[in-house]
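Colleague: Before anything else, here's the structure in question.
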Amino acid sequence: AQRVTQPEKLLSVFKGAPVELKCNYSYSGSPELFWYVQYSRQRLQLLLRHISRESIKGFTADLNKGETSFHLKKPFAQEEDSAMYYCAPLWGNYGGSQGNLIFGKGTKLSVKP
Amino acid sequence: GAVVSQHPSWVICKSGTSVKIECRSLDFQATTMFWYRQFPKQSLMLMATSNEGSKATYEQGVEKDKFLINHASLTLSTLTVTSAHPEDSSFYICSARVVKAGVTTDTQYFGPGTRLTVL
């Protein structure tokens with residue numbers, strides 16, 4: 001069965017420190033991978049996705065197929081980065097017809113001043 | 001950007017009653033919408049996939065007769081919790097898929113969620 005693991009429930013860093021939020025997924029085909037973020041009292045929103053290879057708000061994520069990981073990284077954390085982060089592989093047929101997001105349990109990032 | 005709304009944002013009802021939650025895509029058409037349930041301090045659990053003009057696809061363990069989903073138009077999906085009980089109290093979130101031709105992946109936009117409390 002498809003599975004996604006975010007081992008850290010809470011990650012606390014100081015402003016300016018590097019941050020890495022871990023995500024591992026169980027291998028079953030080739031999932032597309034997303035990171036979603038939920039700021040306090042806001043809805044869930046897309047942060048970045050693997051295929052676009054873009055950097056959003058300074059965050060990047062590299063897919064490591066050998067380790068089946070998709071860790072989220074930022075070199076210098078900011079206080080406004082404090083939020084819940086969810087790793088979400090998308091399994092299923094692509095092209096818009098099928099596919100479901102499977103959410104990890106999430107990691108709460110707290111950036112202290 | 002794509003905006004998804006939910007109504008109501010919160011609802012309190014008595015045990016045994018039914019509650020309908022609406023999910024609307026405001027500025028785009030959504031052939032597929034998803035319904036999630038989120039318990040406090042837990043992740044989102046997919047309940048069902050709602051396809052416009054066809055029956056919803058429910059995840060294993062989700063009661064079809066209890067959580068009725070209707071996706072009658074390209075901008076509206078509804079989730080009706082029938083004969084609600086206190087254990088149905090939860091945060092229900094919908095999302096809508098934006099499909100772009102020629103792109104092999106897609107993005108989901110999420111609604112703000114609906115807090116259901118069953119007394």
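Colleague: Counting pairs of alpha carbon atoms under 8 Å apart in space and at least six apart in sequence, what relative contact order in percent does chain B give?
Modeller: In percent, rounded to a whole number, it is 36.
Colleague: A:Arg3 to A:Arg53: FRET efficiency via 1/(1 + (r/R0)^6), r the Cβ-Cβ distance, R0 25 Å, to the nearest 0.05?
Modeller: Calculated value: 0.55.
Colleague: Just the number please: accessible area per residue for the protein assembly as shown, 1.4 Å probe, all protein chains included, in Å².
Modeller: That works out to 51 Å² per residue.
Colleague: Jot down the radius of gyration and Dmax of region A:3-58, Cα atoms only, both in angstrom.
Modeller: In order Rg, Dmax, the Cα atoms of region A:3-58 give 13.1, 38 Å.
Colleague: Considering the zone a paramagnetic label at B:Arg115 would reach in this model (a point 7 Å from Cα along the Cα-to-Cβ line), which residues of region B:54-95 have amide N under 13 Å from it?
Modeller: B:90-92
Colleague: Rolling a 1.4 angstrom probe over the protein chains, ignoring ligands and nucleic acids, what is the accessible area of A:Phe76 in square angstrom, nearest 10?
Modeller: 130 Å²
Colleague: Below 8 Å between Cα atoms, with a sequence gap of 6+, how large is the relative contact order for chain A in percent?
Modeller: 37 percent
Colleague: Expressed as a whole number of Å, what is the distance separating the alpha-carbon centroids of region A:9-88 and region B:10-57?
Modeller: 25 Å
Colleague: Between A:Glu20 and B:Asp65, how high is the FRET efficiency from 1/(1 + (r/R0)^6) when r is the Cβ-Cβ distance and R₀ = 41 Å? Nearest 0.05.
Modeller: Given R0 = 41 Å and the Cβ-Cβ separation, E is 0.40.
Colleague: Can you give the Rg/Rh ratio of the protein assembly as shown, where Rg is from the C-alpha atoms and Rh is the Kirkwood radius?
Modeller: Working: Rg = 17.8 Å, Rh = 18.3 Å.
Across the protein assembly as shown, the Cα-based Rg/Rh ratio is 0.97.
Colleague: What Kirkwood hydrodynamic radius do you get for chain B when you take the inverse of the mean 1/r over all pairs of distinct Cα atoms, in Å?
Modeller: 14.4 Å
Colleague: If I take the Cα coordinates of chain A and project them onto the principal axes, what are the three extents in Å, biggest first?
Modeller: 43, 30, 24
Colleague: Follow-up. Report the accessible surface area buried between chains B and A, summing both sides, using a 1.4 Å probe on protein heavy atoms only, in Å² rounded to the nearest 100.
Modeller: 1800 Å²
Colleague: Now for a different question. Accessible surface of A:Asp62 in the full protein assembly, 1.4 angstrom probe, to the nearest 10 Å²?
Modeller: Estimated to the nearest 10 Å², A:Asp62 gives 100 Å².
Colleague: Around A:Glu79, what is the net charge, scoring Lys/Arg as +1 and Asp/Glu as -1 over all other residues with Cβ under 11 Å from its Cβ? It would help to have the intermediate numbers written out before the result.
Modeller: Numbers: positive: A:Lys15, A:Lys112; negative: A:Glu80, A:Asp81.
That sum, taken over residues with Cβ under 11 Å, equals 0.
Colleague: For region A:33-92, what mean projected area does the convex hull of the alpha carbons give, in nm²?
Modeller: Computed as one quarter of the Cα hull surface, the answer is 4.6 nm².
Colleague: Quick one: go through region B:58-74 and flag any residue whose amide nitrogen is under 16 Å from the point 7 Å out along the Cα-to-Cβ line of B:Ser5.
Modeller: Counting only backbone N, you get B:74.
Colleague: Also, I was wondering about something else. For chain A, what % of the accessible area comes from carbon and sulfur atoms, probe 1.4 Å?
Modeller: About 49 percent, which is the carbon plus sulfur part of the accessible surface.
Colleague: Going 7 Å from the Cα of B:Thr80 toward and past its Cβ, which residues in region B:17-39 have a backbone nitrogen under 15 Å from where you end up?
Modeller: B:17-23
The values are calculated or read from the model by the stated rules, or taken from the named source; none is laboratory data. Every value quoted in this text rests on a predicted model; they were computed, and no experiment measured them. Glycine gets a Cβ as well: all are built from the backbone with ideal geometry, and neighbour counts include every protein chain shown. Side chains included, ligands, DNA and RNA excluded: accessible areas come from the protein's heavy atoms. Shrake-Rupley method; radii C 1.70, N 1.55, O 1.52, S 1.80 Å.
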